[in-house]
Every structure is written in structure tokens, then in C-alpha cells.
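Laboratory data are not the source of any read-out in this text; all were calculated from the coordinates shown. Because the structure is a prediction, the values reported are computed rather than measured. Reconstructed Cβ throughout: ideal geometry from the backbone, glycine too, with neighbour counts over all protein chains shown.
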Amino acid sequence: MSELSSLGYVVFKVSDLVRWEDFAVGILGLMPGRRTPGSLGLRMDEHAQRILLEEGHDDDIAAAGWQFDTHDDLLAYVERLSARRVAVREGDSALAASRQVERIFVCDDPNGFTHELYFGPTHAPISTPFRSPLLKGAGFETGRLGMGHILPVARDYAQSLDFYRNVLGLRVSDTIRDSHSVPGATVDATFFHTRTGRHHSLATMAAPFPKRLHHVLVQVQDMDDVGMAYDRCVKAGLRIHAGLGHHPNDRMFSFYVETPSGFGLEYGHGGIVIDDAAWEVKNYSQLSDWGHRPQPPAR
Ligand SMILES: [Fe+2]
């Protein structure tokens, strides 16, 4: 059965492109890619675009782009969705060009954004390899594992789980039921991976949050790059949603900073890759085994 290969890109609607560029390039260490009057592509590797910022008032996620290994895989998957009566439409050449992919289909997510199913990402010319003056290590952890992960907030938790598992066909990695982190509340989260095995490409939880997207993750290959990014965020006076810490399930060492759009960005290192042949789905009782505490604003 054809499956999603990886989360290849994300699209955000942002109200302040200039602030976003400063944040993405000057704090996170991403590389600017293609620029149009109302958009900016951001690079993390040899792909021409891993994050697309489009000017708009939403300040939230607009689309998650899922890569397929072959054209046939993409078509078989779209056929399966259609057979399940999921409304899936082909994107036109303008959409494919904006996403810098060969062929693209679109369907809706129950939490207010779209999934873009594509084949054939454009690679940047060899003459312009990925470079970041801010990163000390070998760069971002991408390749077959995709750009990172997203955590959309579930409007209806049961319905969202059904959609991600049974409609998109994502594989459950594990779950967390945490009744300690938020006073007086229990947080339920479920984590999903694709066949390439990044511990999760998508997770969801039912929690009060003003945005559709709780956070997006970018992962670096060198642990020091997490600490150095943390220092840059603090120095710039950015709001830290959660300080340095470690998750028990994906074993990510990370922190969370507020993006110029108000949702979070997790900057991490060390997340595990799942081998389905030996994987057991577990339930954890805490979101973090240490750290990830809210930080007071910088002076
Ligand atoms: Fe995360």
C-alpha cells in the first residue's frame, strides 16, 4: 500500500515577512531561498524550499506538504483517498510552482489547514549548496526524514486521531497522558510517524491554544547548535515557551521559542528514528523527563 514518505515542507501565512526573515535566518540559521513580492522560501538542505512563508493575516500553518517517493505511489494514494470519499483535488501548475514540486494534490485537515501530497521536489542548483553562517555543526537533520515535525492542535481529539491514522495512514509511535505539567489539567497527545521513521512527523493534542499550530520542529545534527540557538533567542529578547529540556518518547533535547506569528518553534537535537520491525507502542506519563519549563521574559 502506498504511504506518505516524509513531511517534506510546511507553509505558513505570516503577517510580517521582514520579522520572519530576521527570525528564520538571523536566529534559527535557515537559508533564504526564492523570494517573490509576497513570499519567501527557506532552505534547510539541498531542497529548494523546506518552509514557505506567504504574506497573510492568519499567522498560522496553511499547509503541510507530504512527499512521495514515486509518482505511482502518489497516484495510488490519491486513488485510495478518493475511494474513501475524501475530497482530494489536483493542484494547478501555479500551486506546484509555488511549492517547487512536480505534481501536487490537496485535501483538508479537520483542524483548519490543508495537506499537500506531492512528488518531485525541486533541488537547489549545485552551485548554491546549503550554507548557514550560524550553524557550527553539519546542519539540519532532514534528508529522507523530512523537514521536521508539526503539532496541530486537535479541535476534536478522537476525530483527529481517526483522520491521521485511518485517512492519512500515519503510523502511531506512542502516546502521552500527562497530568503534572499543566496545573489542574490532563494533556493527551498522540505521535505519528511515516515509513521513513522520524519518531514523529506529526503529533496532535487537545489543549487550549490560540493557534491551529502549536509548534513546528527543526532538528540540528550538532547538540551545541541547540544551545547556541537558545543563546541567540535569549539575547534577542524572544519569548521562550519552554526552556531546554528532554522528551521521554522521541528523546529530543530541545527548547521552544515563540515565532513572529505567535505559534511555537521547537529547536532540537537527537530525536530517534523508529525501526517498525522492533518498535513497541508505549504510553508515557509525562511530556518531558526534565526541563521544558516556561521561562521568564529576558531583562
Ligand atoms: Fe515537538
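Give the residue from Q159, A138, V101 lying farthest towards the positive end of the charge dipole for the range 91-201; charges sit on Cβ (+1 for Lys and Arg, -1 for Asp and Glu) and the dipole is referred to the Cα centre.
The residue sitting most towards the positive pole is A138.
Report the one residue of G8, S285, L81 whose Cα lies farthest in the direction of the positive end of the charge dipole of the chain (charges on C-beta: Lys and Arg +1, Asp and Glu -1; origin at the Cα centre).
Farthest along the dipole direction, towards plus: S285.
Ranking R99, R35, R195 by Cβ neighbours within 10 Å, fewest first, what do you get?
Fewest to most other Cβ atoms nearby, the residues stand as R35, R195, R99.
Cross-link candidates for K282: which aspartates and glutamates have Cα within less than 16 Å, leaving aside residues fewer than 8 places away along the same chain?
D174, D178, D188, D250
Suppose the chain between D108 and S15 were pulled fully straight at 0.36 nm per residue; how much longer would it get relative to their current alpha carbon spacing?
Roughly 31.2 nm would be gained on extension.
Could you give the length gained on full extension between Y157 and R35, defined as 0.36 nm per residue of separation minus the Cα-Cα distance, in nm?
Going from the current span to full extension adds 40.2 nm.
Around H292, which amide H atoms from residues at least 5 apart in sequence, or from another chain, sit under 5 Å from its own amide H, with H modelled in the peptide plane?
Placed amide hydrogens put G243, L244, G245, H246 under 5 Å from H292.
For A62, which sequence-distant residues (separation of 5 or more, or a different chain) have an amide H within less than 5 Å of its own amide H, given hydrogens modelled in the peptide plane?
Here V11, F12, K13 satisfy the definition.
Roughly what would the spin-label model give for D275 and D72, points 7 Å off Cα along C-beta, in nm?
2.8 nm
Sequence neighbours fewer than 8 away in the same chain don't count; with that in mind, list the aspartates and glutamates whose C-alpha is under 14 Å from K13.
Of all the aspartates and glutamates, those that pass the test against K13 - Cα under 14 Å, at least 8 places apart if same chain - are E21, E54, E55, D58, D59, D60.
State the Cα centre-to-centre distance between the range 31-79 and the range 148-225 in whole Å.
Centre-to-centre distance over Cα atoms comes out at 20 Å.
Once the Cβ-Cβ distance between A83 and L134 is put in as r, and R0 is 30 Å, what FRET efficiency do you end up with, to the nearest 0.05?
0.05
Which translational diffusion coefficient, to the nearest whole µm²/s, is obtained for the range 99-156 from the Stokes-Einstein equation, given a Kirkwood hydrodynamic radius over C-alpha pairs, 20 °C and 1.002 mPa s?
Translational diffusion coefficient: 146 µm²/s.
Any idea what diffusion coefficient the range 143-291 gets from Stokes-Einstein, in µm²/s, Kirkwood Rh on alpha carbon pairs, 37 °C, 0.692 mPa s? Present the calculation step by step, with values, prior to reporting the outcome.
Details: Rh = 15.8 Å.
Translational D for this selection: 208 µm²/s.
Within the range 69-108, list the GluC sites (Glu not before Pro) lying in a DSSP loop whose Cβ has at most 13 other Cβ atoms in a 10 Å radius.
none
Can you give me the three principal axis dimensions of the range 12-78 from its C-alpha atoms, in Å, biggest first?
41, 27, 20
Grab the beta carbon distance between N283 and N166, set R0 = 25 Å, and tell me the FRET efficiency rounded to 0.05.
FRET efficiency, N283 to N166: 0.80.
Taking the Kirkwood radius as the inverse of the mean 1/r across Cα pairs, report the Rg/Rh of the chain.
For the chain, the value is 0.94.
How long, wide and thick is the range 85-201, going by the Cα atoms along their three principal axes, in whole angstroms, largest first?
Taking the Cα atoms of the range 85-201, the three principal extents are 54, 45, 23 Å.
If each residue of separation counts as 0.36 nm, what is the full-extension length gain between E46 and S179 once their alpha-carbon separation is subtracted?
43.7 nm
Can you tell me the Rg and the Dmax, both Å, for the Cα atoms in the range 6-121?
14.5, 46
Reachable lysines from K235, Cα under 20 Å, same-chain residues fewer than 8 places away excluded?
K136
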